[in-house]
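Presented below is the structure to which this report refers.
The values are calculated or read from the model by the stated rules, or taken from the named source; none is laboratory data. Predicted model only: the values in this text are computed from it and were never measured. Glycine also receives a Cβ, built like all others from the backbone with ideal geometry; neighbour counts cover every protein chain displayed. These area figures cover heavy atoms from the full protein model, side chains too; ligands, DNA and RNA do not enter into them. Shrake-Rupley method; radii C 1.70, N 1.55, O 1.52, S 1.80 Å.
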Amino acid sequence: EDPSSSSSTQNSVAPELPGFYYDPEKNRYFRLLPGHNNHNPLTKDSIEHKAMECKRLRLLEEEEKQIQKTTRTGLNSSMLLQKRQLGLLSSTSYCRLVHELKVNCMQRRKIEIHSPDSSVAGTNNFKIIVADVACERIFTVNDVEHGGCKYGIINLSGLGKESLTVEMYDNLYFTNRKVNSVCWASLTHPDSHVLYPLKKAKLSFSKLCLMGIAETPGCASLLPASLFSSTNPGDRPGMLCSFKISTAWSCAWCLNPQADNCFSTGLTRRVLVTNVVTGHRQTFGTSSDVLAQQFATQTPVLYNGCRSGEIFSIDVRQRNRKGQSWKAVRLFHGSAVTSLHLMEAEHYLMAADMAGKIKLWDLRTTKCVKQYKGHHNEYALLPLHVNEEEGLLIAVGQDCYTRIWSLQDAQLLRTIPSPHPSSKDAIPSVVFSSRLGGSRGVPGLLMAVKQDLYHFSYN
């Protein structure tokens with residue numbers, strides 16, 4: 001049912017009155033209370049939350065009944081195969097449309113998490129999950145009960161089994177600081193380390209914090225991934241890099257050989273590029289906080305998204321000069337930029353902002369060529385997930401819905417409700433790949449929400 005049509009029908013039956021809410025079930029008006037101090041108040045927020053929860057439960061019921069809705073009229077496997085055999089579809093278009101059908105047929109199954117330490121699995125809420133390049137491991141950031149975060153790595157090798165089980169290795173340490181961004185780093189070999197900046201949290205547990213005392217504003221850390229898989233505590237490697245910085249919002253690792261062993265951190269009104277081996281740092285001043293970053297692979301160029309809505313690039317080979325002359329490509333959004341993704345050919349850049357807009361920019365003409373509608377965001381730092389091989393864009397909104405678009409024509413293909421009621425601390429974190437668990441892995445979508453991990457089969 002279209003929400004706009006239902007609201008128009010309601011208004012035609014019962015006119016909208018300022019300060020009152022009309023309940024169509026009870027066929028009467030109720031006064032909206034201004035605050036939350038009264039017992040069980042009827043407020044605008046509570047009404048909207050109730051409507052969203054009813055919609056979520058309805059969508060979950062449709063998914064359990066396997067009621068699949070195709071976004072394109074007449075799109076089915078037999079029709080696609082017939083058109084392909086008649087030569088009416090190219091191989092590229094055929095594969096893209098087949099992927100759309102698979103997306104609409106994904107079924108949710110809960111994954112059982114095993115751990116050598118029985119106290120690890122299912123004790124803390126998932127906040128962030130990030131897969132390595134091969135999608136064999138997932139780095140996890142979990143909220144702890146008394147404040148702060150702890151880290152772990154999930155091995156997806158058991159995902160192909162019928163029981164859908166995975167193994168989770170937990171870190172012995174946790175920090176009282178807030179983790180804003182995480183990325184895999186390739187120092188000694190591909191995806192050998194994990195890079196994450198931290199910002200100061202409100203709570204103070206300085207004696208238990210690995211990164212330093214709680215009074216420091218923040219820090220950036222490079223953690224060896226082997227720390228999680230070593231069975232002998234004596235063989236655990238130490239942290240390779242950890243230094244104090246101002247409040248950090250984002251991070252990115254450079255894979256271009258011209259800026260080898262370098263990573264960047266987006267700070268408050270500046271960008272800091274650091275060489276892990278030599279310790280050399282470059283600082284670039286900005287007029288706004290840098291909330292999103294990504295390095296190009298063909299050139300040592302760093303793209304930055306700011307709270308002001310500006311997107312600009314930096315060639316890290318040049319020295320910082322006074323003024324803004326070191327900024328190369330400059331793009332502008334109407335709201336704070338929360339995520340960036342550079343497409344494979346590096347001619348296009350995908351960007352999302354806090355107004356819920358997702359735009360595809362042509363870097364050669366500095367113009368927006370596509371816009372993906374339906375995303376919901378107002379204040380959160382929410383990432384984008386792009387799979388160019390299968391022509392899909394995935395993003396989780398602040399309303400806790402996971403949406404999937406077609407990269408080619410920006411068509412919204414599917415909206416997946418969260419298995420848990422929507423709230424600020426229950427926004428799902430997802431990973432999408434055609435090879436979850438490695439080269440012989442299973443395809444699909446992984447969703448981490450609260451203390452649970454779900455797999456949406458892409459077969």
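Pick from T92, T71: which is under 19 Å from L393 (Cα atoms), surrounded by 12 or more Cβ atoms within 10 Å (Cβ to Cβ) and at pLDDT below 85?
So the residue among T92, T71 that is under 19 Å from L393 (Cα atoms), surrounded by 12 or more Cβ atoms within 10 Å (Cβ to Cβ) and at pLDDT below 85 is T71.
Could you figure out which of (1) surrounded by fewer than 20 Cβ atoms within 10 Å (Cβ to Cβ); (2) in contact with a Gly (Cβ under 7 Å, 6 or more places away or on another chain) isn't true of L436?
So L436 meets the others, but not (1).
Where residues in the range 282-300 are within 19 Å of the chain's Cα centre (by Cα) and polar (S, T, N, Q), which of them is most open to solvent (accessible area, probe 1.4 Å)?
Checked the range 282-300; the qualifying residue most open to solvent (accessible area, probe 1.4 Å) is Q294.
Looking at the range 122-150, I want the residues that are in contact (Cβ under 8 Å) with a residue 12 or more places away in the chain and closer than 26 Å to G438 by Cα and have a partner that is open to solvent by less than 40 Å² (accessible area, probe 1.4 Å) and acidic (D, E) with Cβ atoms under 6 Å, at least 6 apart or on another chain. Which pairs are those?
Once the first residue is in contact (Cβ under 8 Å) with a residue 12 or more places away in the chain and closer than 26 Å to G438 by Cα and sits in the range 122-150, its partners that are open to solvent by less than 40 Å² (accessible area, probe 1.4 Å) and acidic (D, E) give D132/D191; V133/D191.
Restricting attention to the range 234-246, does a residue exist that is in the same structural domain as Q294 (by the TED database), at pLDDT below 65, of a type in the set (D, E, K, R) and not in a strand (DSSP E or B)?
Yes, the range 234-246 contains at least one residue that is in the same structural domain as Q294 (by the TED database), at pLDDT below 65, of a type in the set (D, E, K, R) and not in a strand (DSSP E or B).
Pairs under 6 Å by beta carbon, first residue under 25 Å from D289 (Cβ atoms) and hydroxyl-bearing (S, T, Y) in the range 187-201, partner open to solvent by 10 Å² or more (accessible area, probe 1.4 Å) and at pLDDT 80 or above, six or more apart or different chains?
Y196/V182
Sort through Y348, Y303 and tell me the only one that's within 24 Å of N256 (Cα to Cα), open to solvent by 20 Å² or more (accessible area, probe 1.4 Å), under 21 Å from the mean Cα position of the chain (by Cα) and without any contact (Cβ under 8 Å) to a residue 40 or more places away in the chain.
It is Y348.
Which pairs do you get when a residue that is at negative phi and in a loop (DSSP other than H, G, I, E, B), found in the range 75-100, comes within reach of a residue that is surrounded by 15 or more Cβ atoms within 10 Å (Cβ to Cβ) and among the acidic types (D, E), reach meaning Cβ atoms under 9 angstrom, with the pair 6+ apart or on two chains?
Short answer, once both residue conditions are applied: L75/E100.
Looking at (1) within 24 Å of the chain's Cα centre (by Cα); (2) open to solvent by 60 Å² or more (accessible area, probe 1.4 Å), which is the only condition F126 fails?
In the conditions (1) within 24 Å of the chain's Cα centre (by Cα); (2) open to solvent by 60 Å² or more (accessible area, probe 1.4 Å), F126 misses (2) alone.
For R270, work out the one condition from (1) open to solvent by 20 Å² or more (accessible area, probe 1.4 Å); (2) within 23 Å of E344 (Cβ to Cβ) it doesn't fulfil.
(2)
Can you name the number of the only condition in (1) loosely packed, with under 15 Cβ neighbours inside 10 Å; (2) under 22 Å from L445 (Cβ atoms); (3) touching a residue at least 12 places away in the same chain (Cβ under 8 Å) that E162 fails?
(3)
Here is a check on your reading of the model: is H376 in contact (Cβ under 8 Å) with a residue 40 or more places away in the chain, under 26 Å from L446 (Cβ atoms) and either open to solvent by less than 70 Å² (accessible area, probe 1.4 Å) or not in a strand (DSSP E or B) (or both)?
no
Any idea which of L360, L382 is part of a strand (DSSP E or B) and either assigned by the TED database to the domain that holds K102 or of a type outside the set (V, I, T) (or both)?
The match here is L360.
Taking the range 385-406 as the region of interest, how many residues are open to solvent by 20 Å² or more (accessible area, probe 1.4 Å), of a type in the set (A, V, I, L, M, F, W, C) and outside any strand (DSSP E or B)?
Residues meeting the conditions: 0.
Check every one of the strands (runs of 3 or more DSSP E) wholly within the range 407-459 and list those with 3 or more residues that are within 20 Å of L97 (Cα to Cα) and in the same structural domain as V396 (by the TED database).
412-416, 429-436, 442-449
Mind listing whichever residues of the range 138-177 are at pLDDT 75 or above, among the hydroxyl-bearing types (S, T, Y) and part of a strand (DSSP E or B)?
T140, Y151, T165, Y169
Of all residues being more than 23 Å from the chain's Cα centre (by Cα) and part of a loop (DSSP other than H, G, I, E, B) in the range 251-268, which is farthest from L223 (Cα to Cα)? Just the residue, please.
The residue in question is N256.
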